[in-house]
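Colleague: One structure, pasted below without further comment.
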Amino acid sequence: MFKLKNIILYILTILLLIAGGVFLKSDFFPFLRWWLSVLVLGVLFLPLTRKIFSSFHDGGYLFSKVIGIASSGYLMWLLSSLKILKFTEVSCYVVLTACLIFNGIIYLKSKKEEKMSLMDSKYVFPMMAEEVLFLFLFLLWVYIRGFRPEAHGTEKFMDYGFMAAMMRGDYMPPKDLWFSGSTINYYYVGQYMSAFLTKLSLNTVNVGYNLMLTMLAALSFVLPYSLVFNITKNRFGEKYLKHKWVPRIAGILSGAGVSLAGNLHFTLFYWVVPTIRTILGIKGDYADYWFPNSTRYIGYNPETTDKTIHEFPGYSFVLGDLHAHVINIIFVLTLLGILFAWLLHQKRKLDNREKQGFQIKQEIFNPFIIMIGFFIGLFHTTNFWDFPIYYVVAGGVILFFNGVIYEFRLKALWITALQGIFIIAIAELISLPFTLTFDQISTEIMLAEAHTPMHQLLILWGLPVTLIIGLLYELAGSVEYKFRDDKPRFILFRFLNSLSTSDLYILVLGLCAIGLVIMPEVIYIRDIYSGDYKRANTMFKLTYQAFIMFGICSGYIFVKFKKMHHFYWQKTFANITLFLFLTTLWYPVVSVKAWYIKDKSFKDYKGLDAAEFLNTPDNQEDYKAIKWLNENIKGTPVILEAHGDSYTDYGRVSVFTGLPTVLGWYVHEWLWRGDTDIVNRRAADIETIYTSTDRELVQTLIDEYEIEYIYVGKLERVKYISLNNDLLKKLGRIVYTGSENISNTYIIQIEPKG
C-alpha cells in the first residue's frame, strides 16, 4: 500500500509538470530550474533540519527548504560582504558545495538511527505528499501571475531595482541604484535572497522577480500546514486520532488562514452589505468590491485624519510587491516552526525525567537556540520590525515553558535571561556585516494621539481575537475546575503546567498577536510619514505579523473545539467562527479575478517577464534603450536620468538595468537618507546638467557624481522643458539612438578625462 501511495504521488508530480509545460509555455523551463533548485536545497539541508525537527511527522522537510535558502544565501552574502567571493553564479555553486560538505559531516556524525531515519518510510511519504502540494500551489500562483507579470506600480520598481542592482554588482552591500556613490540604506537582504535564488537557478531577474513572489505564496501555505499538522497531532495523540485527516484539516485551515484569507471587512462589504441592500430594495450606483479596501479601512471609510494600513499576506501575494515584509514571511514561519520543535524537544526530556538534560550549558548552546538566534539576526537585515517582534515571541514561548520545567522558581527566569542574551548575541553577530554599513532610519517611539473606533477594530480583528479569548476561556475553565481550592499564588504555575505543549504554544502566539493589534493604539514609531499617516507604518508592520500568528492559531482552535470539546459551548462556538472564517477564504478569488483575470481568457497569458510591459507603443523607445544597456554595458557605471516622485515611472532606466543613477524616487531616498537637503541638492544638480548652458559647470557636476552615461528619453523631455540637447551631445559620443532622429531617445557616453 505504501508503494502504491508513492506511485500515485510520482504520477501526480509528472501530471503537474506536464500541465506546467502546457500552461506556462516558454516560462516552464525557468520555473523548472527554480523548483529544482529549491528542491535540491531542501534535500541538501535535511541532515541539519532533522536535528531540529526530528519530532515532526515529516522531519521538517518543508522547513528544510527555507533553512537551505537562508543558510546558503546568508553564507554567500557574508562572503560577498567580506569581499572574499564575488556574487556570481559560480560563487553560488561554490557556497552550495560548502553547504553539501557541512551537511555531509552532520550526516556522518549522526547516530545510526538518525541516518536511517532520512529514508524511513514514515518520513518519505509525508515529504513526497508535501512536495506535490507545494508544486501544485507554486504552479498555480505562477500561472496566475502570468496574467499580470509587470514590475510596475506601488513598490515594484524599488523591489525589482534592488534585485537588478544586485544581479549586476560584485559585492554586498549593493550600490544604491537611486543614489549613486552610496550603498542601499534599507533592509535589502530579502531582495538579495531573491537574487541569490535567481543566480542559483540560472535565471534572469526578469523572471526571477515573479518566481520568488509565487514561491513565497506557495510556501506561505505549506509551512503553516506542516507546523499546525504537528501541533494538532501532538495535542490529540493516538487517543483522539482515530481519523488521520484531523491534523490535515487543521493544517489546511491554518495554511489558508495565513496565505489566502482576508479579514471580516471582506465578509461584511462583499457578502453582508450587498445582501441587505438587495433584501431592502436599496438601489444605487454601488461599485463592485475593490480588494485593497480590506487593507485601507481605518481612516478611509469614513474619511478621517487618521489613515492607517492593515495589510495581510493574501493581499500581498495578489498585489505582487516583492517587499521586505513579504519575503520575510517564510523566515518568520520557519522561526515559529523551530520554536515549536524546541518545545517538543524540551517536553520529551521532561517526560523522560531527564533532569540531567536540563543543564545550563545544554540549555543555551544547542541547535534550537542557535537557529533561533540566526533567524532573528536575519530579520535585522530583511525586515527590521520582525527583529523585536519575534525576539519577544520567542522569549514568551521559552519563558513560559522554562517556568513549567523549573516550576516557576527563580532559576526559570535567569536561565531564560541567559538564553535571551545568547540569542541576541548571535543575532547581532549575524547582522553585524549589515549594521556596520547601515544608518538607522527611525527609532523614536511616540504616544498615539489617534485611536481606532471600536467597531472598526471588531470588523478587522474581532474574529481572531474571539478565537484566542475562546481558547483562553476554555483552558482557564479547566484549571478552575481542577484547582479551585488552590491558593492564588499557585494558580499560574498549575495553569501553565496543566497545558499541553500545543495549547501553550498556540496561547502564547495568540496573546502576542493580540498585543500587536493593541500596540498601535498606544504607541507608534515616528518616521517621515506625518499628519494623517503617523500611525500607518507602525500599524502595518505590527498587525501584519499578528495576522500571520492568528492564521496559525485558527486551524488548531477550530479542530480542537470541534473534536475535543470539554464544554457544551465549544462546538457551537467553533461552528459559528469557522463559518465566518470560511467566508474570508473567498477573498483571493475576488481579488485574483479583479487584479489578474477580469475580462481575460486563457489566451491572455503574458508570461513571467516582469519588464516586458515596457514593450508597448508608449514605452517602446525606453524598452529598446534599456535592452541595449543590458546587452552592452558591463559593471555598474553611473547613468544619469531624470529623477521623480515615488510611485511614478521615473527611475525606470536604473530599475530595469540595475545601473546606479544620481537620484531616483525622491521620497524613498528621503526616508533612507533621513535628510532632504542632500536629496534636494542632487535634484537641483540633475536639472543643471540637463538644462544648463555652462559647460564647465555641467562638467564639474558630471565629474563629482562620476557619471559615465547620460540618458535622454521621453520623461527627461517632459521634466526638463529647456533641455540643452546641443551641450549634452558635446559632452561625449552618442552610443545609442532610438531612431533615425537622435533628438528622440539617445544615450551619451561621457568622454573620459585626458
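The values are calculated or read from the model by the stated rules, or taken from the named source; none is laboratory data. These numbers come from a predicted model, not from an experiment. Cβ placement follows ideal geometry from the backbone for every residue including glycine, while neighbour counts extend to all protein chains displayed. With ligands, DNA and RNA removed, areas are computed over all heavy atoms of the protein, side chains included. Shrake-Rupley method; radii C 1.70, N 1.55, O 1.52, S 1.80 Å.
Colleague: With Rg/Rh (Cα atoms, Kirkwood Rh) in mind, check (i) 0.98; (ii) 1.02; (iii) 1.21 and report the label derived from this structure.
Modeller: (i)
Colleague: Given the C-alpha atoms of the range 517-588, compute the convex hull and give its volume per residue in Å³. Before the final figure, lay out each step's value.
Modeller: Details: hull volume 9.2 nm³, N = 72.
Enclosed volume per residue, from the Cα hull, is 128 Å³.
Colleague: Right, something else. Averaged across orientations, what area in nm² does the convex hull of the alpha carbons in the range 254-329 project? List each step's numbers first, then the result.
Modeller: Numbers: hull surface 26.2 nm².
Taking the Cα atoms of the range 254-329, their convex hull projects to 6.6 nm² on average.
Colleague: Something else now. Could you check the spin-label model distance between residue 16 and residue 288? Points 7 Å from the Cα along Cα→Cβ, value in nm.
Modeller: Calculated label separation equals 3.0 nm.
Colleague: Taking the Cα centre of the range 271-373 as origin, sum charge times position over the Cβ atoms of Lys and Arg (+1) and Asp and Glu (-1), and report the length of that vector in debye to the nearest 20. Write out the running numbers ahead of the final one.
Modeller: Details: 10 positive and 9 negative charges, 124 e Å.
Around 600 debye, computed over the range 271-373.
Colleague: What dipole magnitude, in Debye to the nearest 20, does the range 572-729 give about its Cα centre under +1 on Lys/Arg Cβ and -1 on Asp/Glu Cβ?
Modeller: Details: 17 positive and 24 negative charges, 184 e Å.
With Lys and Arg at +1 and Asp and Glu at -1, about 880 debye.
Colleague: Taking the Cα of residue 350, stepping 7 Å toward and past its beta carbon, and measuring to each backbone N in the range 540-579: which are under 14 Å?
Modeller: none
Colleague: Among 337, 269, 326, which residue has its Cα positioned farthest towards the positive end of the charge dipole of the range 268-346, with +1 placed on the Cβ of Lys and Arg, -1 on the Cβ of Asp and Glu, and the dipole taken about the Cα centre?
Modeller: It is 269, whose Cα lies furthest towards the positive end.
Colleague: Let me ask something additional. Specify the inter-centroid distance of the range 170-249 and the range 574-628, based on alpha-carbon positions, in whole Å.
Modeller: 20 Å
Colleague: If you don't mind, another one. Only residues of the range 648-664 count here: report those whose backbone N is under 20 Å from the spot 7 Å along Cα→Cβ of residue 697, or say none.
Modeller: Answer for the range 648-664: 662-663.
Colleague: To continue, here is another question. List the GluC sites (Glu not before Pro) within the range 404-477 that fall in a DSSP loop (any state other than H, G, I, E or B) and whose Cβ has at most 16 other Cβ atoms within 10 Å. Display every interim value, and only then the final one.
Modeller: On the way: sites: 407, 428, 444, 449, 474; in loops: 407, 444, 449.
Here the GluC sites (Glu not before Pro) that fit, given the DSSP loop and packing criteria, are 407, 444, 449.
Colleague: Over all Cα pairs of the range 567-702, how is the pair count split among 5 Å bins, expressed in % and running from 0 up to the last occupied bin?
Modeller: Taking every Cα pair in the range 567-702, the percentages come to 2, 8, 11, 12, 13, 11, 9, 7, 6, 6, 5, 4, 3, 2, 1, 1, 0, 0.
Colleague: Oh, and also: Report, in whole Å, the centroid distance computed from the Cα atoms of the range 21-76 and the range 390-444.
Modeller: 28 Å
Colleague: Along the charge dipole of the chain, Cβ charges K/R +1 and D/E -1, which of 294, 121, 55 sits furthest on the positive end?
Modeller: It is 121.
Colleague: Please work out the Cα convex hull volume for the range 1-53 and give it in Å³ per residue. Walk me through the numbers on the way to the answer.
Modeller: On the way: hull volume 4.8 nm³, N = 53.
Hull volume normalised by residue count: 90 Å³.
Colleague: Same structure again: Rank-order 207-213, 710-716, 10-16, 620-626 by packing density, defined as the average count of other C-beta atoms within 10 Å over each peptide's residues, highest first. Walk me through the numbers on the way to the answer.
Modeller: Working: 207-213: 27.3, 710-716: 22.0, 10-16: 13.3, 620-626: 19.9.
Ranking, from highest mean packing down: 207-213, 710-716, 620-626, 10-16.
Colleague: Another one. Compute the relative contact order of the chain as a whole-number percentage, counting only Cα pairs closer than 8 Å that sit 6 or more residues apart in sequence.
Modeller: Details: 1080 pairs, mean separation 133.8, N = 754.
Computed over the chain, the figure is 18 percent.
Colleague: Set Lys and Arg Cβ to +1 and Asp and Glu Cβ to -1, take the dipole of the chain about its Cα centre, and tell me which of 16, 632, 195 lies farthest positive.
Modeller: Most positive-ward Cα: 16.
Colleague: Heavy-atom accessible area per residue, the chain, 1.4 Å probe: how many Å²?
Modeller: Values: 31480 Å² over 754 residues.
It amounts to 42 Å² per residue over the chain.
Colleague: Rank-order 311-320, 127-136, 104-113 by packing density, defined as the average count of other C-beta atoms within 10 Å over each peptide's residues, highest first.
Modeller: 311-320, 127-136, 104-113
Colleague: Could I have the simple spin-label model distance between residue 6 and residue 418, label points 7 Å from Cα toward Cβ, reported in nm to one decimal?
Modeller: Simple spin-label model gives 4.6 nm for this pair.
Colleague: May I ask for the Kirkwood hydrodynamic radius of the range 1-154, worked out over all distinct Cα pairs and given in angstroms to one decimal?
Modeller: Details: mean 1/r = 0.0575 Å⁻¹.
By the Kirkwood definition, the hydrodynamic radius is 17.4 Å.
Colleague: Dipole size in debye (nearest 20) for the chain around its Cα centre, Lys and Arg Cβ +1, Asp and Glu Cβ -1? Let's see the in-between values first.
Modeller: Details: 71 positive and 63 negative charges, 753 e Å.
Taking the Cα centre of the chain as origin, the dipole is about 3620 debye.
Colleague: Could you give me D for the range 103-201, from Stokes-Einstein at 20 °C and 1.002 mPa s, where the hydrodynamic radius is the Kirkwood radius over C-alpha pairs? Units µm² s⁻¹, please. Working shown, then result.
Modeller: On the way: Rh = 17.3 Å.
D, rounded to a whole number, is 124 µm²/s.
Colleague: May I ask you to compute the full-extension gain from residue 97 to residue 84, defined as 0.36 nm times their residue separation minus their alpha-carbon distance, rounded to one decimal in nm? Don't jump to the answer; show the numbers that get you there.
Modeller: Working: separation 13, 0.36 × 13 = 4.68 nm, distance 1.60 nm.
Extending this stretch completely gives an extra 3.1 nm.
Colleague: When you count, for each residue, the other Cβ atoms within 10 Å and take the mean per peptide, how do 694-702, 649-657 rank with the highest first?
Modeller: Details: 694-702: 14.9, 649-657: 25.8.
Taking the mean over residues of other Cβ atoms within 10 Å, the ranking is 649-657, 694-702.
Colleague: Hey, got the Cα dimensions of the range 320-427 along the principal axes, in Å, largest first?
Modeller: Projected onto its principal axes, the Cα set of the range 320-427 covers 50, 22, 20 Å.
Colleague: Send over the semi-axes of the range 634-754's equivalent ellipsoid, whole angstrom and largest first, taken as the square roots of 5 times the C-alpha gyration tensor eigenvalues.
Modeller: Numbers: eigenvalues 95, 53, 41 Å².
The answer is 22, 16, 14 Å, longest axis first.
Colleague: On the Cα set of the range 391-466, report Rg and Dmax in Å, please.
Modeller: Gyration radius and largest Cα-Cα distance of the range 391-466: 18.8, 46 Å.
Colleague: What is the distance, in nm, between label points placed 7 Å from the Cα along the Cα-to-Cβ direction at residue 599 and at residue 451?
Modeller: Going from the residue 599 label point to the residue 451 one covers 4.6 nm.
Colleague: So what is the relative contact order of the range 313-399, in percent, for Cα pairs below 8 Å that sit 6 or more residues apart? The partial results should precede the final answer.
Modeller: On the way: 39 pairs, mean separation 31.8, N = 87.
Relative contact order comes out at 37 percent.
Colleague: How many percent of the accessible area of the range 577-693 is carbon or sulfur, using a 1.4 Å probe? Could the numbers behind the result be given before it?
Modeller: Details: 2760 of 5040 Å².
That fraction is 55 percent.
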